[in-house]
1. Quick check on packing: order 80-86, 211-217 by the mean number of other C-beta atoms within 10 Å, highest mean leading.
2. Do the sum for the chain: with -39,500 (n - 2.57) for every DSSP H run of n ≥ 4, divided by all residues, what is the mean residue ellipticity at 222 nm, to the nearest 500 deg cm²/dmol?
3. Just tell me which aspartates and glutamates come within less than 14 Å, Cα to Cα, of K468; anything on the same chain fewer than 8 places away is out.
4. For the range 236-295, what percent of Cα pairs sit more than 13 Å apart?
5. What is the diffusion coefficient of the chain in µm²/s, taking the Kirkwood radius over Cα pairs and the Stokes-Einstein relation at 25 °C with a viscosity of 0.890 mPa s?
6. In terms of the ratio Rg/(2.2 N^0.38 Å) built on C-alpha atoms, what value belongs to the range 18-88?
7. Here is the link list: K258/K383; K208/K383; K116/K208; K280/K467; K181/K254; K169/K280. Which ones come out longer than 23 Å on Cα distance?
8. Enumerate the calculated ³J(HN,Hα) couplings along the range 144-151 in order (Karplus 6.51 cos²θ - 1.76 cosθ + 1.60, θ = phi - 60°), each rounded to whole Hz, writing x wherever the residue is Gly or Pro.
Amino acid sequence: MTTHEVFNQVPPLVGHDTAADPALLEGVEREGAAWALDEIHEVGRRAGTEEAREWGRLAERVPPRLHTHDRYGRRIDEVEYVPSYHRLMETAVSHGIHAAPWADDRPGAHVARAAKFYAWNVDAGHGCPISMTYAVVPALRANPELAARFEPLLTNRSYDFGLRDPATKSGLIAGMSMTEKQGGSDVRANTTTAAPQPDGTYRIVGHKWFTSAPMSDMFLTLAQAPGGLSCFLLPRVLPGGEPNPIRFLRLKDKLGNKSNASSEIEYDHAIGWLVGEEGKGVKTIVEMVNMTRLDCVIGSASGMRTALVQATHHAQHRSAFGKHLLDQPLMRNVLADLAIESEAATTAMMRLAGANDRAIHGDEGEAALRRLALAATKYYVCKRGPAVAGEALECLGGNGYIEDFDLARIYRELPLLSIWEGSGNVAALDALRAIGREPLALDAFFAEAELAAGTDQRYDDAVSALKKELTSFDDIELRARRIVEQIAVVFQAGLLLRFAPSAVSDAFCASRLSRDWGSAFGTLPAGLDLAPILDRAAPSF
């Protein structure tokens, strides 16, 4: 006998295009990558399939396993992944979401890659090696010989998994191995050593506290050489096929994604090649840091958008007190508020992707804007992500708290992006460093802000308040977070006033600039036009 009937449950969100985001698509066109729209939509439609969502679910539910030795007792230091993880990697690489833009001279190639990374949102874990492979290339160019040797394989759209001599593979994945247990963000405190050898290589000895994607083909690492902290490239397998002595001690039990292995490793006299000059390790990896910081912004914006879409989809189909949740005034306020936050993050992300693309092609003004705006946006957007995910989860009620539903995974993952590549204090202080040491960066920021001047008095007042905040450098470190938040919000507001529908920019200025806003989402002031905002939240449903 049937004891209950299942009704008023929300259908699975599959069969949609994750790239169908007006803020994303408008940004793609605006930043010069309209030529890539077909592939961006192809990635989005793939991400929205039931099959791809299942790949992500299985990769999370069956995490990687570490095998330090084979059954005969030989040291192997391998990590085993489920097949679904490899399908995710294969799809990302085949669509050029890894390092492919570095081999593409078309204007907008890096913008297109950012949009595809944003749309391919089925699993955050495998995005880590994809992001690292992208970021390694500009650092590797500090050694032209190594770049000529490996860059064609790093940029090739072929995922070739397995430990073999890199020269025998059709494509390579790269990782980073920087953090040590005593240093964290203070990489100058690293104790790993690099001893030069007669053949021009170095022998690397030391312990690394956090090395993600340990089955990558090669790693960039920092170690203390005779000339100071230096950058090195270490392959997992040496030319000729001999394993490099890189020992895996354990996999980390992380709060967030489980699909990507993060490991603690030791270099046991491992062989590395110098990248850049001895003693210039931090300088060598600066451009790499820019790339991974941008990916933190992309990942946060994508996570916000995914959370918003999940919450809106739920509200469209779930009824309470005689009406769909989407028709309840307070729920509409919550969803509209989330939509504003999401659109602001996506619009800023696309502007930064465009600045990054043009900086790579030699535009010094765009490089100066990226220097400050990226650090500030990384600080702010990556902090807003977990708050958005928490509120979106609450829209689903108890279902949102269950691991069977996607929001639980998003909620666990988003705090990582505020930590990776410089946690809040590091990002905020880096933005202040740009202001103090690189005046062109601040000039470029205010030149960008000036493009929206006169469009809204609230915005003009916010720009004036920011300038006033910067007139005094007394206690500036103490005020760092306050200042950098103002920079990020002014940056977002200016972009929304120029490019977003008036309903979106008006609501943003009323709440984020005029502070007619509570301390939680869903506290937008009365009198705003929420319908156009909600239409952009889920246009394909």
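Any read-out appearing in this document is the output of simple, stated calculations on the displayed coordinates, not a laboratory observation. As the structure is a prediction and not an experimental result, all values here were calculated from the model. Don't worry about glycine lacking a Cβ; one is built from the backbone with ideal geometry, like all the others, and counts go over all protein chains shown.
1. Final packing ranking: 211-217, 80-86.
2. -16500 deg cm²/dmol
3. Partners within reach: D460.
4. In whole percent, the long-distance tail amounts to 75.
5. 102
6. 1.70
7. The answer is K208/K383; K116/K208; K280/K467; K169/K280.
8. Each residue's phi maps through the Karplus curve to give x, 5, 5, 4, 4, 7, 10, 4 Hz.
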